[in-house]
Each structure stands twice: as structure tokens, then as C-alpha cells.
1. Got a sec? Charge dipole of segment 64-182, +1 on Cβ for Lys and Arg, -1 for Asp and Glu; which of MET141, VAL163, ILE128 is way out at the positive end?
2. Which of the trypsin sites (Lys or Arg not before Pro) found in segment 47-109 are in a DSSP loop and have at most 11 neighbouring Cβ atoms, other than their own, within 10 Å?
3. Select from LEU122, LEU49, LEU143 the residue whose mean-square fluctuation is largest in a Gaussian network model of the chain (Cα-Cα springs shorter than 10 Å).
4. With label points built 7 Å along Cα→Cβ from the Cα atoms of ARG180 and SER89, find their separation and express it in nm.
5. May I ask for the longest run of the chain untouched by chymotrypsin sites (Phe, Trp or Tyr not before Pro) that are loop-located per DSSP and have at most 15 neighbouring C-beta atoms (other than their own) within 10 Å?
6. Provide the FRET efficiency to the nearest 0.05 for the CYS111-ARG23 pair, computing r from the beta carbons and using R0 = 35 Å.
7. Could you put LEU88, LEU152, LEU98 in order, starting from the residue whose Cβ has the fewest other Cβ atoms within 10 Å?
8. Measure nothing but the geometry: give the 0 to 90° angle between the long axis through the Cα atoms of 90-103 and the longest principal axis through the Cα atoms of the chain, rounded to 10°.
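Derivation of every value follows stated rules applied to the coordinates shown; laboratory data play no part. Since this is a predicted model, take the numbers as computed values, not measurements. Neighbour counts run over all protein chains shown; Cβ positions are idealised from the backbone, glycine included.
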Amino acid sequence: MKHVQHVAGEVGPTGGLRPAVSRPHTAFIGLGSNLADPVAQVSRAQEALDGLAQTRVVRCSSLYRSAPVGYLAQPDFINAVAQLETGLSPRALLDALLALELEQGRTREFCNAPRTLDLDILLYDDLIHHEHGLTIPHPQMHLRAFVLQPLLEIAPDSDIPGVGNAAAAAAQCRDQQLQRLV
Ligand code: ADP
Ligand code: MG
């Protein structure tokens with residue numbers, strides 16, 4: 001016979017009772033899109049993050065519009081950062097993010113190509129972590145205004161382990177074009 005276990009829960013955004021996140025970690029996720037209605041893609045992804053197992057979205061930044069980097073002949077990006085509370089390990093979280101990208105039509109033609117959705121793990125607690133296919137903190141985050149400004153909007157005191165204060169890093173990126181959308 002199957003046992004039904006009653007656990008402490010909370011009402012999720014859709015009204016259902018969801019189990020509370022056990023042994024939560026704090027992770028910051030960078031969201032980006034520049035294809036197929038980017039504002040809708042990023043908004044949909046914010047909701048999808050909240051629906052991941054053992055995970056809830058604590059805070060979301062505003063949306064920002066940024067000019068492409070690397071490969072310039074493509075549309076502007078819409079970016080945001082979300083703060084998660086999660087019981088997932090870094091690897092399980094990355095796998096879940098890559099699955100969400102695929103659900104929203106992500107393909108990988110070449111480096112810095114236009115994309116329907118990009119989800120990057122920026123920070124995971126104060127972890128410094130390198131393994132095949134996963135580097136935390138995200139190795140370029142301290143160089144990108146479109147990551148740093150939304151991060152600082154929701155977590156102004158953020159530190160980037162191994163790099164330093166996120167606000168100081170943002171000060172070095174002032175020349176990058178970024179527009180906060182209302
Ligand atoms: P980018 O985000 O740099 O434009 P992609 O989204 O194509 O590039 O990601 C390529 C690979 O980067 C992913 O398959 C993933 O394995 C790897 N990766 C390494 N570290 C991270 C991280 N912190 N967050 C997300 N992906 C990462
Ligand atoms: Mg990515």
C-alpha cells in the first residue's frame with residue numbers, strides 16, 4: 001500500500017499546494033532571449049523556473065534590453081536575473097535549465113548565436129565550482145552589464161566568489177548599452 005506523506009507546504013503561483021524546499025540553496029539565474037518574442041520568452045521562463053522540482057523563485061529583476069555581444073548581426077536581447085531557492089544540486093539545476101531551454105525551442109548553431117532562451121547559473125550560494133560543462137560562478141558574468149545590473153537590482157550586496165563585489169564589477173561595464181524596461 002502506498003503511504004501518503006504530509007509535508008509542510010506553500011501555495012504556489014497556480015494555487016496548488018507545493019512541498020516546501022528542503023535544504024534550500026540560493027542560486028541566481030541569468031535569463032536571455034533575442035528570438036520569437038523575447039519578452040514573452042523571458043516571462044514564460046520566469047514562471048517555468050518557479051515550477052521546477054524543489055525550487056521556487058524568490059525574486060525577479062526587471063527586464064532589460066541589451067545590445068548583442070560577440071556576434072553583432074542579430075537582434076537586441078531581453079535579459080533578466082532571477083533569485084531561486086532550490087534543493088537541487090548545481091548539476092541537477094543545470095540539467096533542469098537546459099531542459100527548459102529545449103522546451104522553449106533553443107537550438108545551438110554557433111557560439112553567441114541568436115537564441116529563444118538562454119538560462120545560465122550565475123551564482124550558487126558562495127560556491128566556486130569547475131567540472132566538465134559547469135563553471136560557477138558563470139565565467140563571464142563579471143564582464144557583462146546585462147547580468148550585473150539586473151543582479152544588483154534584486155541583490156545589491158552580491159559578491160562574486162573569486163572575483164569580488166558585483167557593484168565594483170558593474171562599474172567597469174558602464175560603457176555597455178543597457179536599457180531597463182518599465
Ligand atoms: P552561453 O550561455 O555562454 O551563450 P550556451 O548557453 O550555449 O552558451 O552554453 C554552453 C554550455 O555552457 C552549456 O551546455 C553548459 O554545459 C555550459 N555551462 C558552463 N557553465 C555554465 C553555467 N554556469 N550556466 C549555464 N551553462 C554553463
Ligand atoms: Mg547559456
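1. So the residue we want is MET141.
2. In loop regions of segment 47-109 (DSSP not H, G, I, E or B), the sparsely surrounded trypsin sites (Lys or Arg not before Pro) are ARG108.
3. LEU143
4. Between ARG180 and SER89, the simple spin-label model gives 3.8 nm.
5. Longest site-free region, per DSSP loop and neighbour criteria: 111-182.
6. 0.45
7. LEU98, LEU152, LEU88
8. 70 degrees
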